1. Just to be sure, is I48 on the phi < 0 side of the Ramachandran plot, over 60 Å from the mean Cα position of the chain (by Cα), outside the structural domain of I116 (by TED's automatic domain parsing) and modelled with pLDDT under 75?
2. Among the residues of the range 51-93, write down those that are in a loop (DSSP other than H, G, I, E, B) and modelled with pLDDT of 80 or more.
3. Please find, among V373, V363, V389, V383, the residue that is at pLDDT 85 or above, within 16 Å of F477 (Cβ to Cβ), β-branched (V, I, T) and buried (at least 21 other Cβ atoms within 10 Å of the Cβ).
4. Out of the residues in the range 63-93 that are touching a Gly at 6+ places or on another chain (Cβ under 6 Å) and not hydrophobic (A, V, I, L, M, F, W, C), state the one that is farthest from V146 (Cα to Cα).
5. Looking only at the range 315-346, which residues are surrounded by fewer than 19 Cβ atoms within 10 Å (Cβ to Cβ), at pLDDT 85 or above and out of contact with any Phe, Trp or Tyr (no Cβ under 7 Å at 6 or more places or on another chain)?
6. Residues that are acidic (D, E) and modelled with pLDDT of 65 or more: does the range 210-224 have at least one?
7. Output yes when any residue across the range 440-455 is assigned by TED's automatic domain parsing to the domain that holds Q485, hydrophobic (A, V, I, L, M, F, W, C), within 28 Å of Q485 (Cα to Cα) and modelled with pLDDT of 90 or more, and no when none is.
Amino acid sequence: MKANSMETGMELGDDGKADPDIPIHTGITDRTETEEELRSSLQLFRTIVETVSAGAALYVGSKLVYANQTFERLCGFTLEELNGMEAWEIVHPDMREQANARSIARLRGEKLSSNIVDYRMNTKSGAEVWVESHAPMIEYKGGAAVLCTFVDITERKRIEKELQNAHNDLEQQVRQRTAQLAQANLKLEEDVRRREQTETMLLRRNAELADLNDRLGATQVQLLQSEKLASIGQLAAGVAHEINNPIGYIHSNIGSLESYLDDLFRILDAYAGVEDALSTDTPAYAELRRLKAKFDLDFLREDIPKLMAESREGITRVRKIVQDLKDFSRVDSGQEWKWADLHRGLDSTLNVASNEIKYKAEVVKEYGDLPEVECLPSEINQVFLNLLVNAAHAIAEGQRGTITLRSGCDDRQVWIEVADTGSGIAPEILKRIFEPFFTTKPIGKGTGLGLSLSHGIVKKHGGRIEVNSEVGQGTTFRVILPINQTHEQVAQ
């Protein structure tokens, strides 16, 4: 039972202390049923608050008016110390501004997002205690109050903090690992790029080496061909020197012999005039008649000049062949740039290659007016030889075709055409005819180097070779050369 205090006008609780929750009376009055109901409600409230496992405190306005023992243990303050504290005082200073704002909003009747909030308590010992507070509005003594319950969540917060720290550490490790992987990926991409560049460079160098090897092979063959031509030229020069001497005195002797024969025929004519003066019964007359009948002097007089003319023609032709062979090889001139008559070189080459051509085709010349051209004559003759021989080979066996030679010029360049009426070249093959070692001839009939060497020689002279062909109609090669040389090709 509670004791009444007349002096103070306050009711004392069961513990003999003044109960601030019990209204003050000014005198002894009859207790009404309302007071009894209020006392019963208060007693029920205190019983409920004391029996809950969580800390609990009752706030009227913003002041704490009651707290249970669990709340006292949480914050370390006694009930006497807590009595009358402002709501924000029990909150840690770091979080008071937030708590105060919530209290003001509640008092203004504003709707909060939640009645449950986590905050750190302002404990008497200064220890960090986290609580989860649930603060619903209740009716108290005819007015509004807030009943706050507090659940100690310090361990949960510790675990959450550890988890958050672990999560942050994990995120940091992930970021670091991601950065490392990104860096490794960049390095890998750079390595791949460098490897691709290296592979590209190696492929390019390999192609360059292959091209260089082809050019070296072609150059070697060209050198061999040049050496062969030089050898032929040296042989031709030696043979020409040896042949020219006997040809010279044979030619001279034929001239002398023709003169002597003329003299002999004049003497015979004189003897023929004396024959009529001889007596027919003399032995001299009889012998003369016998000899005339035996040797047919009239036939000899007619045939001997023909034989001498044919002999002179033959000797002249031999001299021409020897000279053409020398002109073709030009071994005596060496590899020097000279001004040359291309028609003369072409004619000399025709004479040298006559055995390849005369049984296959007729040669038709349609020469224009050409100036002399600065060139390496023996090499240009080699180009003519390759084109003439190819033209002859393009004509099918058993057929006789035509090889037409044409020429022309303008102010800066000249051109020579070799056209045949052969089988022609298929389009898919035409683009490969200048490749080294490419040939359409049967095995043993060609090396595949003639046109390649010719292309190199013409290019060396700063010119070009054009080709036009139609299957079944024939092929035309046109060699175009500059009249003057800059000699840059030789330097290259």
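The values are calculated or read from the model by the stated rules, or taken from the named source; none is laboratory data. Small disclaimer: the values here were computed from a predicted structure and weren't measured. Ideal geometry is used to build each Cβ from the backbone, glycine not excepted, and the neighbour counts take in all protein chains shown.
1. no
2. From the range 51-93, those in a loop (DSSP other than H, G, I, E, B) are 52-54, 61-62, 68, 76-78, 83-85, 92; that's our starting set.
N68, G76, F77, T78, N83, G84, M85, H92 - these are the residues of the range 51-93 that are in a loop (DSSP other than H, G, I, E, B) and modelled with pLDDT of 80 or more.
3. V383
4. T70
5. Result: W337, K338, W339, D341, R344.
6. The answer is yes, given that some residue of the range 210-224 is acidic (D, E) and modelled with pLDDT of 65 or more.
7. no
Residues are listed down the side, and each one gets a yes or a no for (1) in contact with a helix residue (DSSP H, G or I) (Cβ under 6 Å, 6 or more places away or on another chain); (2) among the acidic types (D, E):
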| position | (1), (2) |
| --- | --- |
| E374 | no, yes |
| E379 | yes, yes |
| H393 | no, no |
| G401 | no, no |
| T404 | no, no |
